[in-house]
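Please treat every number below as a calculation from the coordinates, not as lab data. Since we're looking at a predicted model, the values are computed, not measured. Cβ atoms come from the backbone with ideal geometry, glycine included; neighbour counts cover every protein chain shown.
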Ligand code: NOJ
């Protein structure tokens, strides 16, 4: 039975792989995926208790420029909004720190690539700092040292047989562009296209997989509607403006890449969207409606315009925000409107869907009151809670709920017609320490959920990325939250990285494509019993 399911899944994945195999030469996913051992097939035999992924399923690890690079003003790099924000408001960051040095990966990238190679993963997802390449944000002034840094990094990765999956924007907007209004200014879409063109020109021959934006929900909602950089705190207004520009920018970059750089269809572009699973609080229909409303506001806001057949914002968002805006006395809806041309340009602008998933919430309807002050959360109109039974991590927002990932993947499958999904982030923070069996349990249980989604439910998931390679700067939480497979020792001058138990666990999984056999030790992965 398992064999049968495996072969069905392979034929699905061929849709994705065949053009790569046919064109040979640096076929991106082909190269990425070939690294995973043939053992995956053999171990998938029904006799074995092992749980294995098919051999073309890829494993990787992820980081982001601001969180690891440091060298914030070295070799021609311009200031970003996170530099400005953490320098001006150290007290707003939990431990009053900033990422001026972070894990110093700008200088230690060779060591880091060695760590990545040691993990046996086939790809590394990292982001490019816009202001390291274009110090003013604009394309008339290119920083050669910045280009060199990323070229060297990519070369180093290739020498270790690791492919690059590049995120073009992981929250660190050049400050000079924020001075023009940042993502609330529609012109930013054009500037992003210019920046992307520079990246494709310089790295496009060696990099075949790109993510335009990381978690626009986070940087639009938290950055323009809340407390993250640039800290605009204009919820219900600027977050919608930001999203509108970002969605246009994403579509424009996709079209530009396909027209100017990807004539042979060898490249892949997606966007990384975050979604905690939204589970109805009870089985009542009001809770079910509330949960679906939350999914549409938190995920559909960005996914519907790109991945749905009709395109545009989710109808429930349109309706609620139009009505609430009117009741608040606005002459027009706070949710902007795409032109027909924009809807068509954005719809279908993807080769894969990047999913960042960590946790689950329970959802019930809000109190129905409309606040005078605009607010994204008031527009959504639901209450998000967690079950006290769900195990905690070291991050207040992250409860451990492995089954939520399977539900998320299934919801994506049926809502957007089973797009190819790359899990661009999944991970967990725990206290300092090398014996992180809890992290192993987290990864193992979430991977079992992914496995079930693929082989039992037919979700087209093609890769899994652990967040993150090593402990790093966790935004407003500073260095207080540790998600790494490697522990960073911040008190040694060389910021020593030390492998945790989870690093060798993940290496085994990445090299074999299989999860350990737990049949003899009864562990409840849904309930996350800690080792
Ligand atoms: C989402 C973000 O993309 C990443 O930057 C962050 O560190 C992790 N989640 C963990 O919070």
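Quick rundown of the values:
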item	result
Bins of 5 Å from zero: percent of alpha-carbon pairs in the range 387-445	4, 15, 23, 22, 15, 12, 7, 2, 1
Per residue Cα convex hull volume in Å³ - calculated over the range 245-298	104 Å³
Added length on full extension, which subtracts the Cα-Cα distance from 0.36 nm per residue, residue 328 to residue 94	80.7 nm
Dimensionless Rg/Rh of the range 51-121 - Kirkwood Rh, Rg from C-alpha atoms	1.14
D_trans [Stokes-Einstein, Kirkwood Rh over alpha-carbon pairs] for the chain, 25 °C, 0.890 mPa s, µm² s⁻¹	105 µm²/s
Between the range 489-519 and the range 330-390, the alpha-carbon center distance in angstrom	35 Å
Diffusion constant of the range 370-411 at 10 °C, which comes from Stokes-Einstein with the Kirkwood Cα-pair radius and 1.306 mPa s, µm²/s	123 µm²/s
Sites residue 151 and residue 227, calculated FRET efficiency, Cβ-Cβ separation with R0 45 Å, nearest 0.05	0.80
Scaled radius of gyration (Cα, divided by 2.2 N^0.38 Å) that the range 149-282 gives	1.16
Debye intensity ratio in log₁₀ form over the Cα atoms of the range 415-512, taken at each q of 0.13, 0.21, 0.25 Å⁻¹	-0.52, -1.05, -1.31
Hull-based mean projected area of the range 313-393, where the convex hull spans the alpha carbons, in square nanometres	8.1 nm²
Alpha-carbon Rg/Rh ratio, for the range 294-357, with Rh computed the Kirkwood way	1.03
Efficiency of FRET between residue 498 and residue 414 - r from beta-carbon atoms, R0 51 angstrom, step 0.05	0.75
Cα-based shape type of the range 149-198, given that a ≥ b ≥ c are square roots of the gyration tensor eigenvalues and the cut on a/c is 1.5	prolate
